1. Would you pick out the residues in the range 326-365 that are open to solvent by 20 Å² or more (accessible area, probe 1.4 Å), farther than 18 Å from Val95 by Cα and outside any loop (DSSP other than H, G, I, E, B)?
2. Identify, from the list Asp183, Asp224, the residue that is modelled with pLDDT under 95 and charged (D, E, K, R).
3. Among the residues of the range 197-233, which ones are of a type in the set (A, V, I, L, M, F, W, C), within 28 Å of Pro10 (Cα to Cα) and either out of contact with any Pro (no Cβ under 6 Å at 6 or more places or on another chain) or open to solvent by 10 Å² or more (accessible area, probe 1.4 Å) (or both)?
4. Can you tell me which residue in the range 45-69 is modelled with the lowest pLDDT, limited to those that are assigned to a helix (DSSP H, G or I) and open to solvent by 20 Å² or more (accessible area, probe 1.4 Å)?
5. Assigned to a helix (DSSP H, G or I), open to solvent by 20 Å² or more (accessible area, probe 1.4 Å) and closer than 29 Å to Ala209 by Cα: is that true of His194 in this structure?
6. For the list (1) open to solvent by less than 30 Å² (accessible area, probe 1.4 Å); (2) of a type in the set (Asp, Glu); (3) closer than 23 Å to Val195 by Cα, I need the number of the one condition that Asp91 fails.
7. Among the candidates Leu230, Leu179, Leu170, Leu225, single out the residue that is closer than 30 Å to Ala79 by Cβ and not small (Gly, Ala, Ser).
Amino acid sequence: MKYLDEYRDPALARRLLGELRATAAHPWRIMEVCGGQTHTLVRQGIDELLPAGIRMIHGPGCPVCVTPLETLDRAMAIATLPGVVLTSFGDMLRVPGTETDLLSLRARGCDVRVVYSPMDAVRIAEALPDHEVVFLAVGFETTAPANALAVRHAAHLGLANFSMLVSHVLVPPAMTALLDSPDCEVEAFLAAGHVCAVMGWQEYEPIAARYRVPIVVTGFEPLDLLEGILLAVRQLEGGRHEVENQYARAVRRAGNAEAQSVIGEVFRVTDRAWRGVGTLQASGLRLAPEYEAFDAARRFQVEGLRPIEDPECIAGAILTGARLPTDCTAYGVRCTPRTPLGAPMVSAEGTCAAFHSAGRTRRNPA
């Protein structure tokens, strides 16, 4: 298959690993930002095949995982209201809130539906004019264009029964927050290729220059990641700190101008809470004033919620790369894909789910 089999070639993987061993003269710590990259690294065992001293730190690049607990609790409160259809991508349904999850609410009779596109939610609103249809809009810059187009289309149709509960987050502020932390160990980044396909990599250039960290825009296949790591190590060994593009088949420096335009029309940058991390300034998106009529948080006024995280869950430390899933006492015991305590065990991009599916066991189990 074009652009798939070529990036899973075992002979080329061995060659890249050989180049890495020949290049890495010092220990280095590299963070992959995207949860999809984490799953490839762990599933293929790449993190365990790297030269001694090259350590991958798994970053907060799972949009489901960083969606704040308050947003989930709001979504569930809205879903229980009469006449409401709550729509969402499937990976959000089993993410635990303070007391329950959306899948359990659906089993109790709430009208919670899985959609494959925000436009599906708009079509449901057209078909059910007597219902309030809410779309749970989460994600990084990757999903923002589609969500923006759905809002704009709903406005064009004059749909008064459609709204979005928006919890979009942005990658660069998360990177700078990590680098500003006194406990930061990250010496280079693998940037998420799909985010950069939308936004380009110009916004990463000031970060690389200010913090003197290499940033390599990287794809998601095994050879993408091995080459991305090699490019990062070459920069580190050479004392360089630039933005490089490994994912040239999909990403351009300026990104996608049309996608950026619709994001700029429908959304505005705002402070945003990240689950387990805290509130980061200018790290998210909210609806622009001219589209605030489609803001589900304003429409339903679901206030007074008191989200409570499970005290045994260390999702925050895992999302920032400070801990591994196997450090958690609940991992594989109280917290499993069937009985998750936190989002990283549920999401298809969650670090805990990646470790569990790969059969990684706890460190020093009791």
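1. Within the range 326-365, just Asp327 meets the criteria.
2. Every option except Asp183 fails the conditions.
3. Answer for the range 197-233, where residues must be of a type in the set (A, V, I, L, M, F, W, C), within 28 Å of Pro10 (Cα to Cα) and either out of contact with any Pro (no Cβ under 6 Å at 6 or more places or on another chain) or open to solvent by 10 Å² or more (accessible area, probe 1.4 Å) (or both): Ala197, Ile215, Val216, Val217, Phe220, Leu223, Leu225, Leu226, Ile229, Leu230, Leu231, Val233.
4. Pro63
5. Details: assigned to a helix (DSSP H, G or I): yes; open to solvent by 20 Å² or more (accessible area, probe 1.4 Å): yes; closer than 29 Å to Ala209 by Cα: yes.
In short, yes.
6. (1)
7. Details: Leu230 fails: closer than 30 Å to Ala79 by Cβ; Leu179 fails: closer than 30 Å to Ala79 by Cβ; Leu225 fails: closer than 30 Å to Ala79 by Cβ.
Exactly one residue qualifies, and that residue is Leu170.
Let's see how each residue does on (1) part of a strand (DSSP E or B); (2) in contact (Cβ under 8 Å) with a residue 12 or more places away in the chain:
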| site | (1), (2) |
| --- | --- |
| Thr71 | no, yes |
| Met76 | no, yes |
| Pro82 | no, no |
| Val112 | yes, yes |
| Arg123 | no, no |
| Glu126 | no, yes |
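The values are calculated or read from the model by the stated rules, or taken from the named source; none is laboratory data. All values derive from a computational prediction rather than experimental measurement. FYI the Cβ positions are ideal-geometry reconstructions off the backbone, even for glycines, and counts take in every protein chain you see. Note: areas computed on protein heavy atoms with side chains; ligands, DNA, RNA excluded. Shrake-Rupley method; radii C 1.70, N 1.55, O 1.52, S 1.80 Å.
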